[in-house]
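Heads up: the structure comes next, in C-alpha cells.
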Amino acid sequence: MAGASVKVAVRVRPFNSREIGKESKCIIQMSGNTTTILNPKQPKENKSFNFDFSYWSHTTVRPDGFGKQGQVKR
C-alpha cells in the first residue's frame, strides 16, 4: 500500500463508577500530542508516547480543552 498513511489518536476517558468508588487517581498527563503514563511508585519510569491526535476527556477539566466525542469521530 504505497503512499498509505495511518493517523493514530488517543483519548483519556472519564473514570467509571468502579474507579470513582475506589478513589482512583488519574496517572495520565497530556501535553499537545504527547501522552505520558505516570508510575506513582517509580516516578523516573514514566513512559511518554506521541500520537497524531490526543483528546482529554477525563472528569477533571483542563484549561486547554476537553475532547468531546464529536471531535474524536473526525
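Laboratory data are not the source of any read-out in this text; all were calculated from the coordinates shown. Computed from a predicted model, the values in this text were never measured in an experiment. All Cβ positions, glycine included, derive from the backbone under ideal geometry; neighbour counts span all protein chains shown.
Multiplying the residue separation of ASN33 and ARG18 by 0.36 nm and removing their Cα-Cα distance gives an extension gain of 2.6 nm. The simple Förster model, with R0 at 22 Å and r as the Cβ-Cβ distance, assigns ASN50 and ALA4 a FRET efficiency of 0.65.
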